[in-house]
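Below is one structure; the comments refer to it alone.
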């Protein structure tokens, strides 16, 4: 064993303690790494990787959110369109049942069948019980096309 030499200066004490601290720190770091602990540099690398993944996932989530918002808007527009078609169909059916003309459909009001039926009944009482005029029948003497005017002229000249 080496002989003990007394420490007489602060520099000697600092060097001895510094060496022992370095050995202790190296031993502690080695023991922690063997136990599964990571160094500051390893933690910084893992953190950078996680931050990159988080940024990528956030961008993808934002893109999906925009995409789904567009789908929700399209779905709402289609639902409104379907509802308007269904309402128009109910109005046409009720107008036919009440004996109203096709032109009277635009005057019917309401969103559900009950209110449309009430509107049709009140419109029918306002219009009276007169049946709508039937469509005019076709005139067989009247021909269409380029020769129609000549035929009319000839017919008038003969006096028929």
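Readers should treat all values here as calculations from the given coordinates under stated rules, not as data from a laboratory. Everything quoted here is computed from the prediction, not taken from an experiment. Glycine gets a Cβ as well: all are built from the backbone with ideal geometry, and neighbour counts include every protein chain shown.
Distance from the Cα centroid of the range 74-96 to that of the range 1-16 is 99 Å (rounded to whole angstrom). Length gained on full extension, residue 12 to residue 54, computed as 0.36 nm times the residue gap minus the Cα-Cα distance: 10.0 nm. Here is the tail figure for the chain: Cα pairs spaced more than 19 Å apart come to 81 percent of all pairs.
Taking the C-alpha atoms only, the angle from helix 40-98 to the longest principal axis of the chain is near 10 degrees.
Using just its DSSP H runs of length 4 or more, each adding -39500 (n - 2.57), the chain gives a mean residue ellipticity at 222 nm of -24500 deg cm²/dmol after division by all residues.
Taking the C-alpha atoms only, the angle from helix 113-127 to the longest principal axis of the chain is near 30 degrees. Taking Cα atoms only, the orientation of helix 148-158 departs from the longest principal axis of the chain by about 10 degrees.
For the chain, a Gaussian network of Cα nodes joined below 10 Å ranks 92, 26, 61 by mean-square fluctuation, and the top entry is 26.
Peptides 101-112, 34-45 ranked from most to least packed, by the mean per-residue count of other Cβ atoms within 10 Å: 101-112, 34-45.
Taking 0.36 nm per residue of separation and subtracting the Cα-Cα distance, full extension of the segment from residue 5 to residue 22 would add 4.0 nm.
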